[in-house]
Amino acid sequence: MSQQKKQQQKKQSGQKPKTAIVPTRDENYAEWYQQVVRSADMAETSAVRGCMVIKPWGYAVWENIQQGLDGMFKATGHQNAYFPLFIPLSYLEKEAKHVDGFAKECAVVTHHRLEADGEGGLKPAGELEEPLVVRPTSEMIIGATFAKWIESWRDLPLLVNQWANVVRWEMRTRLFLRTAEFLWQEGHTAHATSEEAIEETLQMLEVYREFATEWLAIPVVTGEKTESERFPGAVNTYCIEGMMQDRKALQAGTSHFLGQNFSKAQDITFADQNTEIQHAWTTSWGVSTRLIGGLIMTHGDDDGMIMPPRVAPAHLVILPVLHKEETREAVLEYCEQLVKDLRAQSFDGKPIRVELDTRDLRGGEKSWQWIKRGIPLRVEVGPRDMENDAVFMGRRDRGHKEKTTVQRTEFISGIESLLTEMQDGMLQKARAHRDEHTRIIDTKEEFYAFFTPEREGDEQSPAPIHGGFAMTHFSGDEHAEETIKKELAVTVRCIPTAGQGLPGQDEPGTCPFTGQPSSTRVVWAKSY
RNA sequence: CGGGCUGUAGCGCAGCUUGGUAGCGCGCUUCACUGGGGGUGAAGAGGUCGCAGGUUCAAAUCCUGUCAGCCCGACCA
């Protein structure tokens, strides 16, 4: 088809500009998300139900997340260690609420060997005396280990983290957001006093808030979970909640004050200064590969992924224009020098990450691949630019046609501030979106209207994006919470920490659902 | 785990009702022409129709089972 015909067709079929991702966010958000994951080359489904393959471009994001968080954990005095994948069944039985929470989604290993079944296949043999559970989380096995490590008040606090995979046999899975196996970190600490453990819990919550905001450019609300949303076995669960572009909430990290529940179940005791035996106070906290899903849903647009520079696998790609044989070598040489010069610059205290894409592909196609992957900057260098000692640059946070010529030296020296500007811009944009859809609500009617779509959806055209964060007073009545969950699929995402600048948060008032007095507003939303 | 839908080439799909051993678009390979935003033309490669049974002379097509994916529900830190 000729260019002209194509143009014509576009005009006839209309109005709607061509996007790299079909459908667009407005048309079908859930489908858009899946297409972005695929088009950005971040992950794919595997032969194993509910499990994903994380591809290099997606895994590199995880590595950057790991690196950033790990530094923050170390800076707050934690050390990494590794605990077994398998947990004896009997360990899991020790904390009643904990079992209730996880029993329905555990993978269980019952055999340790395979043997021929006589029909050309294999069957499990060598039944284990005690089944092993593949860890859905490690409180029990780490607790059992802590019990051995801790004897005296001098052994406290004990501050440990592990980077690991966990398995939860989920019935409904979505790449990055909820998979049967996922990667995460889980911090586990033990303290001599309740106060100290609570302080630790809140400190790590703050680490998560800072990381989400400063690194991922995802603005989050911090707060405490209501009882119905609490981690099984915890005394208090705190969380960070982000708002995605479809205005649903994503729980992006949790930090739990476990009281003495787990230390009693696992007998984590120490002799205090008065030689009295006491149970330790423990905490646990974690974030997972779900953060990558959060990145996509916070920043992606109808042309694909947009990577915040601080966690982007690469900051920029250089696309040499290599059409004419005569100039080919000179252009390549010029590009290679540019790569060197850029790598000598730094952003975020580390060398600039540069890709030079010399693949023999047509320019437009190559360019679009990088757009879909969300690389912050695309730089084209051809004979013309070389002559002018300049580069032709496109930013992922601007329209794909909006490109500018920049002098080479200026580009190199300005790269750090440019990336910083983009990182800041992404946070501001996400924050503006969240604030725009955060509403103070004081009546039940208004609340129901807020969370009711204009029309019902079906598979072809889902209900339009609606709702957001509703800030209402709440008396904490569990029955009212349950009813709202049933009728609207809306839950209390958290009771926000004071002083976050959330609208109307800290004035006392009346709960619109029960008429009871309430001291603070809570955040309601639909959630992932 | 319940209800619905879907599995046909790398991706997206048609064919299935009315059985007769596969087709389209994109992508891929090669060549030529092109070339600063998803090219043009020509010639090719690629599929035991998710898997396993059954019915039949004959199954992508009909039946049963099973696995996987999507949506809704239940469930879920």
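The values are calculated or read from the model by the stated rules, or taken from the named source; none is laboratory data. Owing to the predicted nature of the structure, the values given are computational and were not obtained by experimental measurement. Here Cβ is always computed from backbone atoms with ideal geometry, including for glycine, and neighbour counts include all displayed protein chains. For the accessible areas, the whole protein counts, side chains as well, though only heavy atoms, and no ligand, DNA or RNA atoms are used. Shrake-Rupley method; radii C 1.70, N 1.55, O 1.52, S 1.80 Å.
Legend: calculated FRET efficiency, A:Asp424 to A:His111, from the Cβ-Cβ distance at R0 = 35 Å, rounded to 0.05, equals 0.05.
Taking 0.36 nm per residue of sequence separation and removing the Cα-Cα distance, the A:Glu507/A:Asn274 pair yields an extension gain of 79.5 nm.
Selection among A:Thr327, A:Gln407, A:Met422 by position relative to the dipole of the range A:316-435 gives A:Met422 as farthest towards the positive end (Cβ unit charges, Cα centre). Accessible surface calculations at 1.4 Å, restricted to protein heavy atoms, place the range A:154-307 at 32 Å² per residue. Taking the helices alone, chain A has a mean residue ellipticity at 222 nm of -10500 deg cm²/dmol, built from -39,500 (n - 2.57) per DSSP H run of at least 4 residues and averaged over all its residues. Computed about the Cα centre, the dipole magnitude for the range A:217-316 is approximately 60 debye when only Lys and Arg (+1) and Asp and Glu (-1) carry charge, each at its Cβ.
Quick one: helix A:325-343 against the long Cα principal axis of chain A, what's the angle to the nearest 10°, folded into 0 to 90? Taking the Cα atoms of chain A, the angle to A:325-343 is about 30 degrees.
Using a 1.4 Å probe over the heavy atoms of the protein chains, calculate the carbon and sulfur portion of the accessible area of chain A as a whole percent.
48
For the pair A:Lys485 and A:Asp41, a Förster radius of 30 Å applied to the C-beta separation gives a FRET efficiency near 0.20, rounded to the nearest 0.05. With Cα atoms as the point set, the range A:79-129 shows a radius of gyration and Dmax of 15.7, 50 Å.
Rolling a 1.4 Å probe across the protein heavy atoms gives the range A:378-438 an accessible surface of 55 Å² per residue. On the beta carbon distance between A:Glu196 and A:Asp435, with R0 = 45 Å, the FRET formula returns roughly 0.80.
Find how much the distance from A:Gln516 to A:Leu85 grows on full extension, using 0.36 nm per residue of separation minus their present alpha carbon separation; answer in nm with one decimal.
Working: separation 431, 0.36 × 431 = 155.16 nm, distance 4.72 nm.
Gain on stretching A:Gln516 to A:Leu85: 150.4 nm.
For the pair A:Ser228 and A:Glu170, label points projected 7 Å from Cα toward Cβ lie 2.1 nm apart. The long axis of helix A:3-13 is offset from the longest Cα principal axis of chain A by roughly 50 degrees. Qualifying GluC sites (Glu not before Pro) in the range A:98-132, where qualification requires a DSSP coil assignment and no more than 10 other C-beta atoms within 10 Å, comprise A:Glu119. Along its three principal directions, the equivalent ellipsoid of chain A from the Cα gyration tensor extends over semi-axes of 44, 30, 25 Å, largest first.
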